[in-house]
Amino acid sequence: MGRNVLLSSLQNASFSIVFQIICRCITFAINAFIVRNVGREVLGITNVRLLLLESTLLFLSKEAIQRSALSSRHNKQCTWAQLINQLWITVPVCFTLAIPCLYIWLHWLSAVDAVYAEQYRFGCFAIAFSCIIEMTAESPIFVGQVFCFVKLKVILDTGHIFIRSFIFITIVLLNKDITIYAFGIAQITSACTIIVGNYAFYYFYIPRLLRYRDELKKVDDKRVLREKYGQQYENMEDFPFVSIRQMLPGVLPNPGSMFNSDLQTLVLSFAKQGILKQVLTEGEKYVMSVSPVLTFSEQATYDVVNNMGSLAARFIFRPIEDSSYFYFTQSISRDTPLAEQRQSAVQEASDVLAYVTKTVTSIGLLAFVFAQSYAGPVLLLYGGADFVEGGLPELLLRWHSLAIVLLALNGITEGYMFATNTSRQIDTYNYYMAFFSVTFLLLSYQLTNWFGPVGFILANCCNMSFRIGYSVFYVGKQFRQVGPNPLLRSLPGPLYLSVLGVCGVLCKLSEAYFAGRSILWHLLVGVLCTAASVASWSFENRQLLRTGMARYRARKQSITTSADER
């Protein structure tokens, strides 16, 4: 198999960053439209309560199965037929989970105003239905991930976001009183788009791949076929499907049992961990929903600020985390000590872990420093004067920038740990996750009573600090047998930290001088200081940038050369 995992991971990260930027820009525009024209209470119902239902169902239904399937496929622990059967379990799992979740969302959580009651009920059922039907696309989505169809994922994800947004905005413009109805309809439509898009691709791809294989036996020069078919059909000798029907359960020939016991054991381990991780990820929304600490209007304010504060996480950190996790699962074996694995792969994984951690930590510090001076102007431009009145949004965004630094470090270190843990280690960590989850919920409730919405952010910082500590200990213990801890090379350099500190002081002086005079000049100072900070980081890490670009070009050239030789 000639596919390159590291190159695919890099491509996936770059394409995903572009997609996340497009997605977040659209979402931010829609949120700003709702805040200015419909009201924050409706935004609180849709973005907090209904999206929490979607997040709960999707995460608990597929996260454990998807992660275990990726690891099992790399280690050749099960057949493709067993993987497909396992992936289709997500449909009945999602349906089963939807029943109690709907009852809780409709009867147990704090009630919405009577004027929105019917729309809210429809929205809950629409979210549940969209999640269930979306699970039917897990099989082709997984195949695309394994065989590195990076552009397919980005195109389909971008397309369904545009379709969902277009339908939602069109309905709201026609009648802004049915915004929640529009939200539910748009969610169902986007789920259908995901299903149709993924299956349609393989409906056309598989027949062309079969013709490509037939012609490949008759020609000596693969360049002729590349000009005719393109590169997406090369190095696909291990693609197991000859019909789109084989992506359905029980259709692909299977000499063994329907399900793999080792895979199911790994699924159970990830499932226990997934429940706890979901509580940690969406804990503040669960607290807001279960206990009426904040009104829907205040929930919307927190959600808007939280999303804005998570720009770096959504644009950069999450795509890098996903690609890094995929790379580590394909490079490092879970059940074999590092000393017994191929040392070139271990060294490469060590370098990737160190460089990626250093990069995201530097980005997090950049966001923290500049948020102290630019939280107010950014929120004013986004939501208007009424939105920032009272100072709560600005205060939340400044505190949230602290969480970004911890989020950056936690995402990579924890991702590496999850990618290389054995089933036993995952089970052990689940006990710690249980402790972290309970502590996080208790801290969220208590700190919110003391500090208001800021308490959610402080509780999240404490939680991530606990998780970072555990991950750092794991990485150090694992690499002790093969060399130095790669995380020791992940701290930003003194030049970058010094320039960043000076720029932070200059921006605070700019804020004090230009406050109420000229936002434009204040923003210009920020742009110049950001450029200086990025330039100092690039200069200090110039060897890293050269190595990364050289390695990327070399691997890309090796793939092209090997393809030409075939």
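The values are calculated or read from the model by the stated rules, or taken from the named source; none is laboratory data. Keep in mind that this is a model prediction, so the values were computed, not measured. Positions of Cβ are backbone-derived with ideal geometry, glycine not excepted, and every protein chain shown enters the neighbour counts.
Among the numbered criteria (1) under 23 Å from LEU495 (Cβ atoms); (2) buried (at least 22 other Cβ atoms within 10 Å of the Cβ), which one does ASN410 miss?
If we test ASN410 against (1) under 23 Å from LEU495 (Cβ atoms); (2) buried (at least 22 other Cβ atoms within 10 Å of the Cβ), just (1) comes out false.
I'm checking my understanding of the structure. Among residues of the range 511-548 that are among the aliphatic types (A, V, I, L, M), in contact with a helix residue (DSSP H, G or I) (Cβ under 8 Å, 6 or more places away or on another chain) and farther than 30 Å from SER350 by Cβ, which one is modelled with the lowest pLDDT?
Result: ALA515.
Among the residues of the range 453-464, are any within 24 Å of ASN485 (Cβ to Cβ), in contact (Cβ under 8 Å) with a residue 60 or more places away in the chain and either hydrophobic (A, V, I, L, M, F, W, C) or part of a helix (DSSP H, G or I) (or both)?
Scanning the range 453-464, I find at least one residue that is within 24 Å of ASN485 (Cβ to Cβ), in contact (Cβ under 8 Å) with a residue 60 or more places away in the chain and either hydrophobic (A, V, I, L, M, F, W, C) or part of a helix (DSSP H, G or I) (or both), so the answer is yes.
Looking at PHE317, PHE270, PHE296 in this structure, which one is touching a Lys or Arg at 6+ places or on another chain (Cβ under 9 Å), under 25 Å from VAL356 (Cα atoms), buried (at least 16 other Cβ atoms within 10 Å of the Cβ) and not acidic (Asp, Glu)?
That would be PHE270, the only listed residue that is touching a Lys or Arg at 6+ places or on another chain (Cβ under 9 Å), under 25 Å from VAL356 (Cα atoms), buried (at least 16 other Cβ atoms within 10 Å of the Cβ) and not acidic (Asp, Glu).
Looking at the range 228-261, which of its residues are in contact (Cβ under 8 Å) with a residue 24 or more places away in the chain, over 23 Å from THR136 (Cα atoms) and loosely packed, with under 15 Cβ neighbours inside 10 Å?
Those that are in contact (Cβ under 8 Å) with a residue 24 or more places away in the chain, over 23 Å from THR136 (Cα atoms) and loosely packed, with under 15 Cβ neighbours inside 10 Å: GLN231, GLU237, ASP238, PRO255, GLY256.
Just to check your reading of the model, which residue among ILE84, ILE65, ILE104 is surrounded by fewer than 18 Cβ atoms within 10 Å (Cβ to Cβ), in a helix (DSSP H, G or I) and either touching a residue at least 12 places away in the same chain (Cβ under 8 Å) or not charged (D, E, K, R) (or both)?
It is ILE104.
Of the numbered conditions (1) surrounded by 19 or more Cβ atoms within 10 Å (Cβ to Cβ); (2) modelled with pLDDT under 85; (3) in a loop (DSSP other than H, G, I, E, B), MET433 satisfies every one except a single condition; which is it?
(3) is the only condition that MET433 fails.
When you scan the range 216-227, how many residues do you find that are surrounded by fewer than 13 Cβ atoms within 10 Å (Cβ to Cβ), of a type in the set (A, V, I, L, M, F, W, C) and either touching a strand residue (DSSP E or B) at 6+ places or on another chain (Cβ under 6 Å) or not in a loop (DSSP other than H, G, I, E, B) (or both)?
Adding up the residues that qualify gives 1.
Select from the range 466-501 the residues that are in a helix (DSSP H, G or I), exposed (fewer than 14 other Cβ atoms within 10 Å of the Cβ) and not basic (Lys, Arg) and list them in ascending order.
Once the filter is applied, which keeps residues that are in a helix (DSSP H, G or I), exposed (fewer than 14 other Cβ atoms within 10 Å of the Cβ) and not basic (Lys, Arg), the range 466-501 yields GLY469, PHE473, LEU488, PRO494, LEU495, SER498, GLY501.
Can you tell me how many residues in the range 507-533 are without any contact (Cβ under 8 Å) to a residue 24 or more places away in the chain and farther than 11 Å from PHE370 by Cβ?
13
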